[in-house]
Amino acid sequence: MKKTTTLDYIILGLIQSETLTGYRIRKTFEDTALGNFGGSPGTIYPALKRLEKNKLVSKQIVEENTKSVYFITAEGLEQLRLWLETLPSKDEVRKNMELLVLKFAFMDPMISLEQKIGFLETLKFELENYLKELENFYRREKNNMPKTGMIAFEHGLLSYRTNIEWCVQAKNSLLPHELR
């Protein structure tokens, strides 16, 4: 069995609650921000074949139109659940925030409320620590940066602050009012 890729996990996340054709999966990548993770026909269809070979998805022909639909298998659900349960790391916060938010988006209905809260708390912790590093670097180096470089760096700082605030808001949205 080959290693499950990020693209594989995204496809599993898409089909966890409904069957989709390969074309619909590809169009979802084309028409949404998922396109940032790949999604050309040259990547989607080989990924579906790999997932099918690894028994993470199964293909079924829909009789009325002879199109194939893909659905996630029990083994695929387990792989997806394990991926979703993995807490964010410092490295992911630095390099892959979009994937972490997408991972969070796929958590319903598979992941418990406690696990979702733990994910958000870990993400917030890692974001805050990385933001401190960036702020220290900025204080030391801003006078050596070109003006546009400094402005671009400030955009990055603002983005991390916004992500931290999103973690707080997401947690509050998940929790019943009396537990906030």
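Every read-out reported here was derived from the displayed coordinates using simple, explicitly stated rules and does not represent laboratory data. These numbers were taken from a predicted model, which means no experiment stands behind them. All Cβ positions, even for glycine, are placed from backbone atoms using ideal geometry, and neighbour counts span all protein chains on display.
Things to note:
- When each of 2/171; 3/147; 95/116; 59/90; 3/67 is checked by Cα-Cα distance, pairs over 32 Å: 2/171; 3/147; 59/90
- Label-zone membership for the range 104-141, site residue 154, 7 angstrom Cα→C-beta point, backbone N under 20 Å: 131-141
- Taking Cα centre as origin and charging only the Cβ of basic (Lys, Arg, +1) and acidic (Asp, Glu, -1) residues, the dipole magnitude of the chain rounds to 540 debye.
- Per-residue HN-Hα couplings for the range 2-14 [Karplus 6.51, -1.76, 1.60; θ = phi - 60°; Hz; x = Gly/Pro]: 6, 4, 6, 8, 4, 4, 4, 4, 5, 4, 4, x, 5
- Span from the the range 58-72 Cα centroid across to the the range 1-50 one, whole angstrom: 16 Å
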